[in-house]
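Input: a single structure, listed below in structure tokens.
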Amino acid sequence: MFETLRGTPTDGDDGRSSLGLLLLSGVIAAIVTSPLLWLFLRASEVASPERAISLLFSARTAEILINSIGLMAAVTILSVALGVPLAVVTTGTDLPYDRFWTVVAALPLVIPSYIGAFAFVRTFGSGGEVSAALGVPLPAVEGFWGAVVVITLYTYPYVFLSTRAALLSLDMELVEAARSLNVTRIAAYRRVVFPQIRPAIAAGALLVALYAVSDFGTPAFMRVSVFTYEIYVESGSFNVEYAALLSMQLLAVTAVILLIEARVGRDTGSSGGGRTARLRLGRWKWVAMAAIGSIGVVTLVVPVAIFGVWALRGPEGGVPSLAFEWSFALNSVFLATMAAAVACLLAIPVAYHSARSDSRLSRLFERATYVGFAVPGVVIGLALVFFGSNYAPWAYRTVPLLVFAYLVRFLPQVVGTTRSAVLQVDDRLVEAARTLNAGRTETFRKVTLPLILPGIVAGGVLVFLTTMKELPATLMLQPSGVDTLVTIVWAAHETLYYQYAAVPALILVVVSALSMVVLLRQESGLG
Amino acid sequence: MRDNSRRPLASFTNRRSFLGAVGASGTIALAGCAGFGGGGGEDPFDDYGPQEAAVEPSAVSWDDLGELTGELTIYSGRTRDQIDPLFDAIEDRYDDFTIDSDFDDNSTQLNKINEETADTRPDIFYTQSSGALAALKQDDLVRTLPEDIIDAVDDNYSDPDGTWTGASGRVRAIQYNTELWEGTADDLPDDIFAYADDERFEGIISTRPNSGTFRSFIVAMIEMEGEQATREWIRGMVENQDVTLYSSGSQQAEEVNAGNQTVGLGNQYYAGRILENDPDAPIDVAFTENDPGCLFNVSGVGILADADKPNLAAEFTRHVLAAEGQAFFVETNGEYPVLDGVDYVGDLPTLSEINPPEFDLNTLANVEQAVDLLRDEGMTV
């Protein structure tokens, strides 16, 4: 399933530095997956093997497995169905105001899905805010399909963004060439464009799939039994050992997803060029704008409006410690920036080597960094409480350990974008630099790095965004007295003091939206 | 009443160093300023017993207690609105006393303490569920409280072995929408078992099975009525009544208030909070009679066996159990006091009027049977 060796290092210098890079990737992969050892440790302490077996192999477990896989599959398919066409429309057509629509289509990613789910439940349904305002009952968003809709709407931007990046670097003259051979436009896309952007779609879909399987808030809110729910039930009943065991079941599912993606997302060796031709949309542009506009209204305007309603509600005073302070926003931005910066540094060797070397080991290390993304945050958090307390008590409840938790969870986002960027670097450029007697390091610094920088920054922004909205590990490992936007939103929302949730939630969305603009400028090459 | 223990990681006034810190080297610099580990400093007191006055059932005043100083680390499973104002009031009273408070879900705090070591455990665990304290007791993670504290609190509201004490009380209740419920509060059954088979509740009743107090309620039902009766109650709720299940207590109460649900089984507190915001809200509570449906549970305090400052923790606990601390729970949270000498004042019936069942709260630690029963019968979200 992995590519066979494309070439072996020819001289000793390259061989050594390649080995060094491989070792470095291995160390990084080992470090970010090490917290999962805790799962094995706790799972081995299960008191009653009979109960463990009945938990793992009961009819209900089968139902949970089916629900989890169904949820993941449905969300992934719908995200591709939504994200890919939107990427095509915003990059390859004459859509008016394409920048604006690109931002709108990407922005749902910045809304934490638990806020999205809450907004949906409060908005739709017979007693919701919208039906109260309109005076007509609206269908409730709930159950399995409710969860599918909400998770899809807030995660499809992963597919949208990765596909968009691939399309931007695609040579559209290929489409024209195909067209000149009397092939229909759709057939040209299917046979020429699709194979080239397939790895990017798969990379985005992988993040969607792993997110869907690790999300707890939305399925719980929509009342769907999935793996994460069972894990929470057990860890919430003072039965961490069983929670660990169930998490390992989740890991097995994750491993299968990673294998599938490694197959589908195999690099086809495409490399970029300029774009020329653009599809003419004609009257379809209205349809396209209406579609993106509706998504924007549902995913962005509705939650923001809900924040506005919150701000007006509730008693005066109440809980002074929840009153807004700018330090919440600064702490959030600071932590997210730290996490993004360190993630970029760690991702470069892993992504670079796995894209360049073709060794199975290197690909394995790259895949390993994804595992943490699929494990519920509460599990990662507890694992780090254990390792932190036992082996680094001096770092416990400090920023470095919290940032490390973010790395364990979110590193794959920047590994993925960086790897795609490295794959798109034209080998001939690197070879040319080498013939001009540039050393390996110098070539990387002067040729490769500038070319892959947009990919790294794009991944860094994704890490920034997800860190901004991360809740469970933040709550567990937050340093003493350090509150962030999400911890305040959580505390206020949980206690029905909604008015305290409004300002931090709005600032969370605004700051995240600004970072999204940075990401899109990078991708458009306007940096 | 600004929380003076809160601090920003970086500030605008120091923008240059903030930006400069955004790099690998910043991690180390930051670790330095964030301080290593918790607590800090020595226990200011030498004695575990009272520093000045001992606490009594008739409630002493804060004026009679020893002056708190230094920093105390408290993990709280209770939400900030229910406990932060008390922390603030005690901090404001003493110039040199700060609380390093950590808030999270109750069960997460418990799991955290289990994963931690003597180096990192807090001084005090404050929780809304005695089940969590009983679980800590089973693992020998809490220490026996001083004599005066054990003696001051009503035996029904604390651990018979003295390893934890209740701080305030709350009761399971029947929340109902006053506009949708056809009848008066008196028409609501006073027997929890009626709610699982009375046809009037079919399709209009809800609960929240993933909450700690709901599990406590099921544990109590198993304990008092037996596993079979409990299984039938759960089955009746699921099959006969088609009970609506929520994963959030606030969501459930809001749905009752919004008219999407007529009846909800939950804590009296949620409805109280909505009424506090809007006295005309169409939500009210009723109670069952001497059965698990009106289980009395306590929020409580345990001093960790590994506490760095057990003596300071003990004197702090005396503040919680003094008149001012108890008054806070009654006035701010609408809860019940745990000292005989403090009266409940509020809109809800007093405890003697509600008549909750007598129950050893330590039993609430054993939730596994309850969780398995709920799973078997499909009462899961």
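The values are calculated or read from the model by the stated rules, or taken from the named source; none is laboratory data. What you see is a predicted model, and the numbers here were worked out from it, not measured in a lab. Positions of Cβ are backbone-derived with ideal geometry, glycine not excepted, and every protein chain shown enters the neighbour counts.
Take residues that are under 28 Å from residue B:211 (Cβ atoms) and aliphatic (A, V, I, L, M) and tell me which of the helices (runs of 4 or more DSSP H) falling wholly in region A:428-527 contain 2 or more. Result: A:472-477, A:485-494, A:499-523.
Could you tell me whether residue B:107 is more than 30 Å from residue A:337 (Cβ to Cβ), modelled with pLDDT under 85 and within 11 Å of another protein chain (Cβ to nearest Cβ)? So residue B:107 fails the test. Can you confirm whether region A:323-344 contains a residue that is part of a loop (DSSP other than H, G, I, E, B) and more than 10 Å from chain B (Cβ to nearest Cβ)? Looking through region A:323-344, at least one residue is part of a loop (DSSP other than H, G, I, E, B) and more than 10 Å from chain B (Cβ to nearest Cβ). No other residue among A:297, A:287, A:304, A:233 is more than 30 Å from residue A:33 (Cβ to Cβ), modelled with pLDDT under 85 and in a helix (DSSP H, G or I) apart from A:304. What is the number of the single condition among (1) within 12 Å of chain B (Cβ to nearest Cβ); (2) surrounded by 24 or more Cβ atoms within 10 Å (Cβ to Cβ) that residue A:489 does not meet? The number of the failed condition is (1). Suppose we keep only residues that are of a type in the set (A, V, I, L, M, F, W, C), more than 21 Å from residue B:298 (Cα to Cα) and outside any loop (DSSP other than H, G, I, E, B) within region B:200-252. Which one would you say is farthest from the other protein chains (Cβ to nearest Cβ)? Among those that are of a type in the set (A, V, I, L, M, F, W, C), more than 21 Å from residue B:298 (Cα to Cα) and outside any loop (DSSP other than H, G, I, E, B), it is B:229. Residue B:164 fulfils the conditions (1) closer than 21 Å to residue B:45 by Cβ; (2) away from chain A (no Cβ under 14 Å); (3) surrounded by fewer than 23 Cβ atoms within 10 Å (Cβ to Cβ) except for a single criterion, (3). Can you tell which of B:301, B:338 is at pLDDT below 95 and within 29 Å of residue B:69 (Cα to Cα)? Every option except B:338 fails the conditions.
Specify the residue that is modelled with the lowest pLDDT; the eligible residues are those in region A:216-230 that are over 20 Å from the mean Cα position of the chain (by Cα) and part of a loop (DSSP other than H, G, I, E, B). My answer is A:223.
Looking only at helices (runs of 4 or more DSSP H) that lie completely in region A:136-208, which have at least 3 residues being buried (at least 23 other Cβ atoms within 10 Å of the Cβ)? Spell out how you get there, then give the answer.
On the way: elements: A:143-155, A:157-168, A:173-180, A:185-188.
Answer list for region A:136-208: A:143-155, A:157-168.
Would you confirm whether any residue within region A:364-375 is within 19 Å of residue A:34 (Cβ to Cβ), more than 17 Å from the chain's Cα centre (by Cα) and either at pLDDT below 95 or outside any helix (DSSP H, G or I) (or both)? Within region A:364-375 (the criterion being within 19 Å of residue A:34 (Cβ to Cβ), more than 17 Å from the chain's Cα centre (by Cα) and either at pLDDT below 95 or outside any helix (DSSP H, G or I) (or both)), the answer is yes, since at least one residue qualifies. Please go through region B:178-216 and give me each residue that is in contact with a Ser or Thr (Cβ under 6 Å, 6 or more places away or on another chain), surrounded by 20 or more Cβ atoms within 10 Å (Cβ to Cβ) and more than 24 Å from residue A:220 (Cβ to Cβ), ordered by number. Answer for region B:178-216, where residues must be in contact with a Ser or Thr (Cβ under 6 Å, 6 or more places away or on another chain), surrounded by 20 or more Cβ atoms within 10 Å (Cβ to Cβ) and more than 24 Å from residue A:220 (Cβ to Cβ): B:181, B:192.
Selection of region A:400-423 for residues being out of contact with any Leu (no Cβ under 8 Å at 6 or more places or on another chain) and not charged (D, E, K, R) yields A:415, A:418, A:420, A:422, A:423.
Output the residues belonging to region B:253-266 that are away from chain A (no Cβ under 11 Å) and either surrounded by fewer than 23 Cβ atoms within 10 Å (Cβ to Cβ) or hydrophobic (A, V, I, L, M, F, W, C) (or both).
Within region B:253-266, the subset away from chain A (no Cβ under 11 Å) is B:262-266.
Correct list: B:262, B:263, B:265.
For residue B:118, the criteria (1) among the small types (Gly, Ala, Ser); (2) outside the structural domain of residue B:227 (by TED's automatic domain parsing); (3) out of contact with any Leu (no Cβ under 8 Å at 6 or more places or on another chain); (4) on the phi > 0 side of the Ramachandran plot hold in every case but one, which is (4). Give me the residue from region B:336-378 that is more than 11 Å from every other protein chain (Cβ to nearest Cβ) and within 30 Å of residue A:229 (Cβ to Cβ) and, out of that set, surrounded by the most Cβ atoms within 10 Å (Cβ to Cβ). Only one residue tops the list, namely B:361.
Can you name the residue in region A:35-55 that is more than 27 Å from residue A:369 (Cβ to Cβ) and in contact (Cβ under 8 Å) with a residue 24 or more places away in the chain and, of all such residues, is surrounded by the most Cβ atoms within 10 Å (Cβ to Cβ)? Top of the filtered list is A:55.
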